Each structure stands twice: as structure tokens, then as C-alpha cells.
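Enquirer: Quick one: the structure is below, questions incoming.
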Amino acid sequence: MLTLLARSAWLKRLASRYGMRPGGFARRFIAGENEAEAIEAARRLQARGRLLTLDYLGESVATAEQALAAAREYVRLVDLLVAEGVELNLSVKLTQLGLRVDLATCTDNLRRILEPTRRHDGFVRIDMEGSAYTDLTLQIFETLWGLDYRNVGVVLQSSLHRTDRDVARMNELGARVRLVKGAYKEPPAVAHRLKADVDAAYLRQMRLLLDHGTYPAFATHDEVILKAIRDYAAERGIAADRYELQLLYGIRRDLQAALIAGGCRVRVYVPFGKEWFPYFMRRLGERPANVTSVAAALVGEWRGPRHVDAADRNDLR
């Protein structure tokens, strides 16, 4: 259902009108609609001891011109982050850079971003999208890795049946992996359907990455899994600076603070941009209990201004 809603042009227009206004329901998940707002959010995070990665939202562009425009926005963001003294760490989606156009266009656009990022000792993480793009994403990554770009890493989804093999391959290369559970609805032939199976795969791949990987990142808000990561690292004598934990902007800020206080390296994924609606809907899909409160806020905004008290501003965590 949420996947269908995310494609609704009418709902997107309605959400875009109200969601990012001051106090809007999407502000909790999205750092802003432009670079200035994102950089201000990044500064606040850095001041509280968080590492960060910025994602200029957008995906599934249909033309080479749109893909090139997105790449140029990322290059502009690199210059701004360097000028402002903000950590240079980016997350990109290849369908935003032209993966649906052709491989050459996408690869060239990614190189446009990697070059200035490398000059300034920054890092770029390629986000993983639906399983239809997994092979192509890893193919482009390995092409650029073979051209000696070492300031790039990938995301792997533990929900996919193939991921044990992909983890082993990335470990063999020495590539940096962010491990996620996976936010895309996939068929049973491709992915685990039961949470217990996804969790078991995540824990198995976590151990492979800690034992044999290169500075892995574990992206989850699951406190049981977070404890398992820390316990396994301690058991194996793996120092806290050899891996990091990643959480989403605006979610479980209490947990972020507790992990930092416990000596963990915590990176916050900071999304921004006008094309925030599909990302926002996926976040809702990960915790359906959030849907009712956000829908009520949207309907309330549509009907007209009203007072919003603390009980209505769901913590969404």
C-alpha cells in the first residue's frame, strides 16, 4: 500500500505543500529542501558528536540531462561542504545519476562526484536500491574500484538471499560496506520474508564484516542487533574505531546519544532536497505505526491551520 501511495502524484503534491513547512510532519525525517538547511542540520549534528553522511534526495531519473543535473548538484555540495568545514561524506543513488538511462552515463556521473570528493579526502557511499539494480550497482562499483577509486563504498541488504556472497566479495576487495536490513518490498525468490530470517542473516553478515571487512558500517535502529554488534566486537577484541553504527536523521536521537556515550562511532544519515516524498514513504513503511499519526497531520494541514501540541508531534522513533 505505501509503495502505491509513494507513486501517487496527487498525494505527493499535497505532502509537498505542507510537509516541509516549519513544524511540518516531514521535518523530523528530512533535514531541509536545500543545501543551506542541510548544512545547518549537519553543523548541529557535528556539535553533538555525530558523524554524518548527506544524501541529496532523488531517484529514478529518466533522462541523461536530469542525471547530469543531479551529478552537478552533488559537485556543488562538495564545494559547499569544504567551504563550510562540514564533514565531506555523501550518499548517492545510482538511479538518480542515470542508471535507468545507461551504464556509461551513470558511471561518468559518479566519477564526476568521486573526483572532487577524492581531492578533498571525502567519501561517497553508493546506496543500494531495489534488487533489480543490485547487479548493475555492484558492476559500476567494481568498475570504479578497478580504476583505483578508493573513496567509494557500497550498501548491502541482508534481506536478499545473495548477500552472503556479496559480503564475501566486498571483503575480498577490501571495500567498505554499509549493512542494512533492506527497505524495499521484494519477491520471496529474491529475499527473506520473515523478520527472524532477515535478522539472522544480518547477524551472520555482521560477523563476516567485523572479522574480515574494512571499516564496516552497520545501519539499524534495532537495539537487540546493536547490542549483538557491540558484544561480538568486544568478544573478538575489535576496537570501537574499526567500525561504525549508522542511524537515520531524526530517529532515536536518544539512542544516538546513548551509543556515543558508550564509546561508539555513530554516523547519522542526513537526507535533504525537494524530492523527499519517496524516501519519506519508505521510512513510514519500516514502522507502520507511524502512518496513522502522519496521515492525521496531513489531513489536518489540508483542512487548515490548527494548534499542534506535543502529543500530536509523534516522536517517530
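The values are calculated or read from the model by the stated rules, or taken from the named source; none is laboratory data. Since we're looking at a predicted model, the values are computed, not measured. Note: ideal-geometry Cβ built from the backbone for every residue, glycine included; neighbour counts use all protein chains shown.
Enquirer: Filter region 82-110 for residues that are out of contact with any helix residue (DSSP H, G or I) (no Cβ under 7 Å at 6 or more places or on another chain) and part of a helix (DSSP H, G or I) and give the result.
Expert: VAL82, ALA83, ALA104, ASP108
Okay, residues lined up against (1) at pLDDT 75 or above; (2) surrounded by 15 or more Cβ atoms within 10 Å (Cβ to Cβ):
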position: MET1; (1), (2): no, no
position: ALA6; (1), (2): no, yes
position: TRP10; (1), (2): no, no
position: ARG17; (1), (2): no, no
position: MET20; (1), (2): no, yes
position: ARG28; (1), (2): yes, yes
position: ALA42; (1), (2): yes, yes
position: VAL61; (1), (2): yes, yes
position: ALA67; (1), (2): yes, yes
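Enquirer: Within region 20-58, track down each residue that is under 15 Å from GLY85 (Cβ atoms) and of a type outside the set (A, V, I, L, M).
Expert: GLU35, GLU40, ARG43, ARG44, GLN46
Enquirer: If only one of TYR269, TYR249 is touching a Ser or Thr at 6+ places or on another chain (Cβ under 7 Å) and either crowded, with 16+ Cβ neighbours inside 10 Å or closer than 21 Å to ASP55 by Cβ (or both), which one is it?
Expert: Only one candidate qualifies: TYR269.
Enquirer: Now for a separate question. Starting from region 164-180, keep only residues that are at positive phi, then list their pairs with residues that are among the polar types (S, T, N, Q) whose Cβ atoms are within a distance under 8 Å, requiring at least 6 positions of separation or different chains.
Expert: Close Cβ pairs satisfying both conditions: GLY174/THR214.
Enquirer: Next up: From the list ILE251, ILE238, ILE260, which residue is among the β-branched types (Val, Ile, Thr) and modelled with pLDDT under 95? Spell out how you get there, then give the answer.
Expert: Working: ILE238 fails: modelled with pLDDT under 95; ILE260 fails: modelled with pLDDT under 95.
Selected residue: ILE251, the only one of ILE251, ILE238, ILE260 that is among the β-branched types (Val, Ile, Thr) and modelled with pLDDT under 95.
Enquirer: Considering region 229-246 alone, what residues qualify as being surrounded by 14 or more Cβ atoms within 10 Å (Cβ to Cβ) and more than 23 Å from the chain's Cα centre (by Cα)?
Expert: Within region 229-246, TYR232, ALA233, ILE238 meet the criteria.
Enquirer: Another question, then. Given the residues ALA189, ALA175, ALA183, which is the only one that is farther than 24 Å from SER91 by Cα and of a type in the set (A, V, I, L, M)?
Expert: Numbers: ALA175 fails: farther than 24 Å from SER91 by Cα; ALA183 fails: farther than 24 Å from SER91 by Cα.
Result of the check over ALA189, ALA175, ALA183: ALA189.
Enquirer: While we're on this one: Provide a single number: the residues in region 44-59 that are at pLDDT 90 or above and in a loop (DSSP other than H, G, I, E, B).
Expert: Residues of region 44-59 at pLDDT 90 or above: 44-58.
Now narrow it down to the ones that are in a loop (DSSP other than H, G, I, E, B): 48-50, 57-58.
Going through region 44-59 one residue at a time, the tally reaches 5.
Conditions tested, residue by residue: (1) basic (Lys, Arg); (2) crowded, with 21+ Cβ neighbours inside 10 Å.
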{"site": "LEU80", "(1), (2)": "no, no"}
{"site": "GLU84", "(1), (2)": "no, no"}
{"site": "LEU90", "(1), (2)": "no, yes"}
{"site": "ASP108", "(1), (2)": "no, no"}
{"site": "GLY130", "(1), (2)": "no, no"}
{"site": "LEU144", "(1), (2)": "no, no"}
{"site": "ARG150", "(1), (2)": "yes, no"}
{"site": "MET170", "(1), (2)": "no, yes"}
{"site": "GLY174", "(1), (2)": "no, no"}
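For every residue, the table says whether it meets (1) within 26 Å of ASN34 (Cβ to Cβ); (2) without any contact (Cβ under 8 Å) to a residue 24 or more places away in the chain; (3) of a type in the set (Phe, Trp, Tyr).
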position	(1), (2), (3)
ALA234	no, yes, no
GLY237	no, yes, no
GLN256	yes, no, no
ALA261	no, yes, no
PHE272	yes, no, yes
GLU275	yes, no, no
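Enquirer: Does any residue of region 196-204 turn out to be of a type outside the set (D, E, K, R) and within 18 Å of the chain's Cα centre (by Cα)? Explain how you work it out, then say what you get.
Expert: Step one: list which residues in region 196-204 are of a type outside the set (D, E, K, R), which gives 196, 198, 200-203.
From the residues that got through so far, the ones that are within 18 Å of the chain's Cα centre (by Cα) too are 202.
Checked region 196-204: at least one residue is of a type outside the set (D, E, K, R) and within 18 Å of the chain's Cα centre (by Cα).
Enquirer: Given the structure, is ALA201 farther than 28 Å from VAL86 by Cα, out of contact with any Leu (no Cβ under 8 Å at 6 or more places or on another chain), at pLDDT 95 or above and surrounded by 21 or more Cβ atoms within 10 Å (Cβ to Cβ)?
Expert: Numbers: farther than 28 Å from VAL86 by Cα: yes; out of contact with any Leu (no Cβ under 8 Å at 6 or more places or on another chain): yes; at pLDDT 95 or above: yes; surrounded by 21 or more Cβ atoms within 10 Å (Cβ to Cβ): yes.
Here the answer is yes, as ALA201 does meet what is asked.
Enquirer: Only one of these is assigned by TED's automatic domain parsing to the domain that holds ALA67, within 23 Å of THR214 (Cβ to Cβ), over 20 Å from the mean Cα position of the chain (by Cα) and at pLDDT 95 or above: ARG125, ARG118. Name it. Let's see the steps before the verdict.
Expert: Details: ARG125 fails: over 20 Å from the mean Cα position of the chain (by Cα).
Within the list ARG125, ARG118, the selection yields ARG118.
Enquirer: While we're on this one: When you look at GLY130, is it closer than 26 Å to ILE251 by Cβ and touching a Phe, Trp or Tyr at 6+ places or on another chain (Cβ under 7 Å), yes or no?
Expert: Numbers: closer than 26 Å to ILE251 by Cβ: yes; touching a Phe, Trp or Tyr at 6+ places or on another chain (Cβ under 7 Å): yes.
Yes, satisfied.
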